[in-house]
1. Go through the range 93-108 and report how many residues are in a loop (DSSP other than H, G, I, E, B) and without any contact (Cβ under 8 Å) to a residue 12 or more places away in the chain.
2. May I ask you to say which residue of Asn414, Asn390 is open to solvent by less than 10 Å² (accessible area, probe 1.4 Å), part of a helix (DSSP H, G or I) and either away from the ligand (no atom under 14 Å from the Cβ) or under 18 Å from Tyr176 (Cβ atoms) (or both)?
3. Please specify each residue of the range 321-374 satisfying the condition of being open to solvent by 10 Å² or more (accessible area, probe 1.4 Å) and in a helix (DSSP H, G or I).
4. Considering only residues that are open to solvent by 30 Å² or more (accessible area, probe 1.4 Å) and among the hydroxyl-bearing types (Ser, Thr, Tyr), which ones fall in the range 393-405?
5. Restricting to the range 404-425, what's the tally of residues that are more than 16 Å from Thr360 (Cα to Cα) and charged (D, E, K, R)?
6. Select, from Lys153, Lys102, the only residue that is under 15 Å from Gln80 (Cβ atoms) and open to solvent by 40 Å² or more (accessible area, probe 1.4 Å).
7. Taking the range 344-372 only, how many residues are within 13 Å of the ligand (Cβ to nearest atom) and acidic (Asp, Glu)?
Amino acid sequence: MKYKILVLFVLLFSASQAQLLQDKTDFTRQDTLRGSITPEREWWDLTYYHLDVEVKPDEKFISGKNTIQYKVLKPNQVMQIDLQAPMQITKVLQDGTELQVKHDGNAHFISLTINQNIGDVNSIEVHFKGYPKEAKRAPWDGGFSWKKDENGKHFIATSNQGLGASVWWPNKDHMYDEVDSMLISVTNPKGLTNVSNGSLRQLEDLGDKVKSHWFVSNPINNYGVNINIGDYTNFSETYQGEKGELDMDYWVLSSNLEKAKEHFKDAPKMMKAFEHWFGPYPFYEDSFKLVEVPYLGMEHQSSVTYGNQYKKGYLGNDLSRTGWGLKFDFIIIHEAGHEWFANNITNKDVADMWIHEGFTAYSENLFLDYYYGKEASADYVIGTRANIQNDRPLIGYYNVNKEGSSDMYYKGANMLHTLRQLIEDDELWRKILRGLNSEFYHQTVTTKQIEDYMSKMTNKDLSAYFNQYLRDTRIPTLEYKIEGNNIKFRYVNIVDGFDMPIEVKIGGKTEWIFPNSEWKTKSIESSDFKVDRDYYIFSKEI
Ligand SMILES: [Zn+2]
């Protein structure tokens, strides 16, 4: 998702605890059914979806079926499938037999009559219909966007991060289990084109309707699945990438074709920079697409959606206020950055969503680093600190579908930028970023796995470091006093064991110091003392 311009510059250092308690008591049984790996989910592993849906734009109505194929891991006869009201499950079939369904809010418990034996690969057909929730403020408050383009033609898109894909189609709506591959078949009125994820396999002519079949040959998270229907035209190019030839396709409203041909030059530039930093684009087989939509944009896997009005920056604004943010189209760079962090490496629980947004916000400055150098990239990421609120921790609540603070974007990015300084060796840093993408290729992961990998690769115990920035709202503060030829310093506002070394400038000369919670003394030749700006800490002379 993209960063919400909230109330910036507002720093809330306290009051967070009360807010946390408030949040915690607000969770309901429905949150648990949605957010946890329930026994009715745990016993089966998703292997394949065939989502077959008809979209009727004039009625704002959809109907169809999802064929869900799964492998039995443990014996169980009850399966949980999610679909949110007002959408309805009309019937569920297995091998032609209609099954009983017990409804519990948005969770539906299906009683299977055929014995489910470990290792079997079975499937069910879930039929559904309804008037799906209309997006109020896509993509944040998502659902279906039923819009019209400037020529009065239908311009329709889905977006459902957070809310969940079950807002419009029935599925196993939890991040931990990604389907291995998927066919998305969409029927819509003739004259309009649907673009979904993956590759277009077939286009069927059904008289006054058309049916497009899009095949995704890689694991995909539910919220990444999308349909986009409009008066589209397309152009494409072949990109010579790390894994060979990559199709890059661009689907835009006919009226924006010329504008897009010029503006989308940021896309191959993005691909070059991100393959350098993160390794090969993770979905060569499914192509890379940018698809114009009537909202700002979203990281839909292999069909990244675009609505940044063909402007540089974030709708023409620079989130860093340094000027560097206007060197690129924020939506192209940020949403495509998610192909590596969100789509390739996906959080198992949405509480760990900082893995998506922290790394991706950080990718914005790596794009700048690639084209404009290290200073430019540092200016940018440091500039974005003004957006950090320190209101809640970056990690949210597990098992209730609750993400952490929106600080996961720019505090996350600055945490990673700070870590890069500690590692010193830029090639090792790049190796780690690429290593994450190969180690956790097409997987869902926990924060712990990311922490452990980074500690292992850097040969440092980073547990206190991550505790500080991911699980606490306080920013480490270096207190110091200069007494004659000595400087005394220590950290306050830190978690147990936090002892990050930092670079400082003393009389213009760069040196390392090794603060912890105890006062330390160091002799100095100059009273001109400054903490290197690359470290995300505060400092205070006392
Ligand atoms: Zn994002």
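1. The initial filter retains those residues of the range 93-108 that are in a loop (DSSP other than H, G, I, E, B), namely 95-96, 99, 105-106.
From what's left, without any contact (Cβ under 8 Å) to a residue 12 or more places away in the chain: 96.
Qualifying residue count, the range 93-108: 1.
2. Values: Asn390 fails: part of a helix (DSSP H, G or I).
Only one candidate passes the filter, namely Asn414.
3. Trp324, Leu326, Val350, Asp369, Tyr370, Tyr371, Tyr372, Lys374
4. Kept after step one, since they are open to solvent by 30 Å² or more (accessible area, probe 1.4 Å), are these residues of the range 393-405: 397-399, 401-403.
Answer for the range 393-405, where residues must be open to solvent by 30 Å² or more (accessible area, probe 1.4 Å) and among the hydroxyl-bearing types (Ser, Thr, Tyr): Tyr397, Tyr398.
5. Start the filter on the range 404-425 by keeping residues that are more than 16 Å from Thr360 (Cα to Cα), which leaves 421-425.
Now restrict to residues that are charged (D, E, K, R): 424-425.
Residues in the range 404-425 being more than 16 Å from Thr360 (Cα to Cα) and charged (D, E, K, R): 2 in total.
6. Details: Lys153 fails: under 15 Å from Gln80 (Cβ atoms).
So the residue among Lys153, Lys102 that is under 15 Å from Gln80 (Cβ atoms) and open to solvent by 40 Å² or more (accessible area, probe 1.4 Å) is Lys102.
7. Number of matching residues: 2.
Residue-wise test of (1) over 24 Å from Asp52 (Cβ atoms); (2) at pLDDT 95 or above; (3) over 27 Å from the mean Cα position of the chain (by Cα).
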| residue | (1), (2), (3) |
| --- | --- |
| Lys102 | yes, yes, yes |
| Asn106 | no, yes, no |
| Ile110 | no, yes, yes |
| Ser123 | no, yes, yes |
| His127 | no, yes, yes |
| Pro132 | no, yes, no |
| Ala135 | no, yes, no |
| Gly143 | no, yes, no |
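The values are calculated or read from the model by the stated rules, or taken from the named source; none is laboratory data. As the structure is a prediction and not an experimental result, all values here were calculated from the model. With ideal geometry, Cβ positions are generated from the backbone for all residues, glycine too; neighbour counts draw on all protein chains shown. When the accessible area is computed, the model is the full protein with side chains, heavy atoms only, and any ligands, DNA or RNA have been set aside. Shrake-Rupley method; radii C 1.70, N 1.55, O 1.52, S 1.80 Å.
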